[in-house]
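The next block holds one structure in the form of structure tokens; read it before the comments.
The values are calculated or read from the model by the stated rules, or taken from the named source; none is laboratory data. Just so you know, these numbers come straight off a predicted model, no measurement behind them. Reconstructed Cβ throughout: ideal geometry from the backbone, glycine too, with neighbour counts over all protein chains shown. Remember, those area values only see protein heavy atoms, side chains included, never the ligands or the DNA or RNA. Shrake-Rupley method; radii C 1.70, N 1.55, O 1.52, S 1.80 Å.
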Amino acid sequence: GGCWHQCCAGRNNSCWAPGAHQARCYCDSYCERTGDCCEDYHAACRRAAVGCAVGPWGPWSRCSSPCGVGSKARSRQVTTPPRHGGEPCPDLKQRRGCLGEHPTCGTAK
């Protein structure tokens, strides 16, 4: 047996094959951490691994508060999802603080 028929991402206990001495060997990407991969895991699965790719950050939004402390946000999109145990996607959203400075802020009491 071996991984030639299946490769799974993450920790997947149902992604296994019969190994030596009637023991199970695994074809999920978590097997690299636990050391119980099938002998052909790297040849069958890691070669096929595709890491996540993301596009550029979009523009920051307007400050959520027109006057005083608020927040801004921006996001980006996944252009290539991870497959076969490839690198997972990084953060797709960011948020930061801002200070709203609308012209009417100084006159509001």
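Observations
- Loop-located trypsin sites (Lys or Arg not before Pro) across segment 24-62 with a Cβ neighbour count of 14 or fewer within 10 Å are 62, with loop assigned by DSSP.
- The portion of the accessible surface of segment 1-48 made up by carbon and sulfur, rounded to a whole percent, is 46 (1.4 Å probe; DNA, RNA and ligands excluded).
- Point-charge dipole on Cβ atoms (K/R +1, D/E -1) for segment 1-48, about Cα centre, debye to 20: 120 debye
- Residues 32, 87 ordered from highest to lowest accessible area at a 1.4 Å probe: 87, 32.
- Based on the convex hull around the alpha carbon atoms, the chain presents an average projected area of 9.6 nm².
- Residue-averaged [θ]222 nm for the chain, counting only DSSP H segments that reach four residues, each worth -39500 (n - 2.57): -1000 deg cm²/dmol
- Solvent-accessible heavy-atom area per residue, rounded to whole Å², over segment 1-48 at 1.4 Å: 68 Å²
- Percent RCO, i.e. relative contact order, over the chain, from Cα pairs under 8 Å lying at least 6 residues apart: 24 percent
- Additional length obtainable on full extension of the chain from residue 6 to residue 61, 0.36 nm per residue less Cα span: 15.5 nm
- Largest to smallest in accessible area, the residues 28, 91 fall in the order 91, 28 (1.4 Å probe, all protein chains included).
- Here residue 95 and residue 53 are evaluated by their C-beta separation; at R0 = 25 Å the FRET efficiency comes out at 0.65.
- Extreme residue, positive dipole direction of segment 1-57, given options 55, 31, 17 (C-beta unit charges): 55
- For residue 53, the residues whose amide H sits under 5 Å from its own are 79, 80, ignoring neighbours fewer than 5 places away on the same chain, with H placed 1.01 Å from N.
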